[in-house]
Amino acid sequence: MKKIILDTDPGIGALGADIDDGLAIVMALNSEELETLGLTIVNGNVTQEQGTINALNLLQIMGRTDIPVFPGAKKPILQDMIEIRNTFSRIMEKSGWEKPSPVSESEVNIKPEPDHAVDFIIEQVYKYPYEITMICIGPLTNLAMAICKQPDLPGLIKETIIMGGGWTQPLDCYTSVAEFNMYCDPEAAKIVLASGMQLRMVGYDIAVKSRLTKEHLKIISDYNTPTSKFIVKTAEPWLEFMYAAFGVNYCYLPDPQAIAWALDEKLFSSEDMYVDIETKGDLTRGMIVVDRNKALRKCSNPTNVNVCTDINNDGFMETMLDLLK
């Protein structure tokens with residue numbers, strides 16, 4: 001069984017935030033091949049405080065109160081999240097979509113752990129050297145902070161799977177080139193990419209190949225469990241937003257892809273590449289730069305990331321729906 005720490009910014013159930021992180025959590029906890037040591041929460045999709053409440057609420061619904069939740073970074077290493085959140089609010093307002101109420105602390109009967117997520121990551125990696133797979137499906141702030149606090153950490157982590165960026169064009173964010181998770185904290189991503197640890201990255205350009213529709217929600221609804229009912233309840237308004245804002249009848253599934261890649265590498269095609277991130281450009285901040293033509297490799301930039309280049313979408317959707325039962 002593969003030991004994982006799932007580092008996430010779960011928006012499921014809150015302010016109409018995307019639901020894919022919640023689906024990823026359910027998949028990980030329902031898999032008999034993954035042992036989830038804990039959920040570490042990072043500021044991103046929602047605030048760290050709201051993400052913690054959302055994670056606890058989901059675990060409560062699943063009956064998985066055995067999984068510890070560790071609140072982590074409340075803000076990026078350098079930049080402010082205010083403008084990022086304001087931009088998303090303007091998209092919602094322009095669409096005319098009415099945001100659902102967030103999950104409140106009073107709805108949750110379980111509590112988060114007192115330790116900080118960064119300290120938990122360090123503790124577990126030292127406890128299980130060369131055994132832990134980090135799966136990071138939000139901004140990389142927690143992991144970057146752990147590396148800064150304990151510089152030898154990268155050599156003790158078995159591997160890290162990142163959902164973020166894109167090897168062609170990410171197609172998701174508030175600029176024309178930067179994916180959301182990378183845009184939230186480019187400095188953190190820079191630290192992780194330069195750390196020397198074993199890295200795999202699945203970007204948003206792969207995410208757009210996997211789509212959750214109302215037909216899939218009917219399948220999930222038929223599972224008739226508390227968890228499946230919650231998924232449908234939160235997914236329906238998100239699909240309404242996607243239609244109101246972008247005119248599409250589906251949402252993408254980036255975070256579940258990261259879980260599926262941890263479970264079955266055969267579902268994905270990938271290639272070792274040199275990857276870096278832009279932190280200073282006025283127009284390109286947060287942009288992942290993938291050396292597809294191998295030019296930088298000739299300048300002594302060795303490959304540092306195994307980059308996902310394609311997905312067997314039918315196999316992925318079957319895996320996801322199976323794990324949501």
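The values are calculated or read from the model by the stated rules, or taken from the named source; none is laboratory data. Computed from a predicted model, the values in this text were never measured in an experiment. All Cβ positions, even for glycine, are placed from backbone atoms using ideal geometry, and neighbour counts span all protein chains on display.
A few notes on this one:
- Search result, residues across region 168-208 that are surrounded by 24 or more Cβ atoms within 10 Å (Cβ to Cβ) and assigned to a loop (DSSP other than H, G, I, E, B): Pro170, Ala178, Glu179, Asp185, Gly203
- Which numbered condition Arg285 fails, given (1) closer than 25 Å to Ala262 by Cβ; (2) under 20 Å from the mean Cα position of the chain (by Cα): (1)
- Residue in region 193-207 that is nearest to Thr133 (Cα to Cα), counting only those that are under 15 Å from the mean Cα position of the chain (by Cα) and not basic (Lys, Arg): Leu199
- Single match in Ala235, Ala245 (criterion: at pLDDT 90 or above, small (Gly, Ala, Ser) and touching a helix residue (DSSP H, G or I) at 6+ places or on another chain (Cβ under 7 Å)): Ala235
- Residue match in region 230-246 (condition: part of a strand (DSSP E or B) and either closer than 20 Å to Leu29 by Cα or under 21 Å from the mean Cα position of the chain (by Cα) (or both)): no
- Only one entry of Pro129, Pro151, Pro139 meets the criterion of being free of Cβ contacts under 8 Å to residues at least 12 places away in the same chain, over 24 Å from Glu318 (Cα atoms) and part of a loop (DSSP other than H, G, I, E, B), and that entry is Pro151.
- Tally, over region 34-51, of residues that are closer than 12 Å to Gly72 by Cβ and among the hydroxyl-bearing types (Ser, Thr, Tyr): 2
- Whenever a residue of region 217-246 is farther than 23 Å from Phe88 by Cβ and basic (Lys, Arg), its partners that are in a helix (DSSP H, G or I) and at pLDDT 95 or above, lying with C-beta atoms within less than 8 angstrom and at least six residues away or across chains, give the pairs Lys229/Ser221.
- Checking each residue in region 254-307 for being in a loop (DSSP other than H, G, I, E, B) and among the polar types (S, T, N, Q) picks out Thr279, Thr284, Asn293, Ser300, Asn301, Thr303, Asn304.
- Leu59, sole failed condition from (1) part of a helix (DSSP H, G or I); (2) more than 19 Å from Ala262 (Cβ to Cβ); (3) more than 18 Å from the chain's Cα centre (by Cα): (3)
- Scan of region 290-302 for residues that are crowded, with 16+ Cβ neighbours inside 10 Å and either within 27 Å of the chain's Cα centre (by Cα) or of a type in the set (D, E, K, R) (or both), ordered by number: Val290, Asp291
- All positions within region 15-50 that are buried (at least 24 other Cβ atoms within 10 Å of the Cβ) and either without any contact (Cβ under 8 Å) to a residue 60 or more places away in the chain or not in a helix (DSSP H, G or I) (or both): Ala17, Asp18, Ile19, Ile25, Leu39, Thr40, Ile41, Val42, Asn43, Gly44, Asn45, Val46
- Selection from region 102-118 of residues that are touching a residue at least 40 places away in the same chain (Cβ under 8 Å) and assigned to a helix (DSSP H, G or I): Glu105, Glu107, Ala117, Val118
- Residue check, Glu33 farther than 27 Å from Ala144 by Cβ, touching a strand residue (DSSP E or B) at 6+ places or on another chain (Cβ under 7 Å) and not aromatic (Phe, Trp, Tyr): yes
- Taken over region 246-265, the criterion of being surrounded by 15 or more Cβ atoms within 10 Å (Cβ to Cβ), of a type outside the set (Phe, Trp, Tyr) and over 17 Å from Glu179 (Cα atoms) is satisfied by Ile259, Ala260, Ala262, Leu263.
- Lone unmet requirement of (1) at negative phi; (2) surrounded by 23 or more Cβ atoms within 10 Å (Cβ to Cβ) for Val232: (2)
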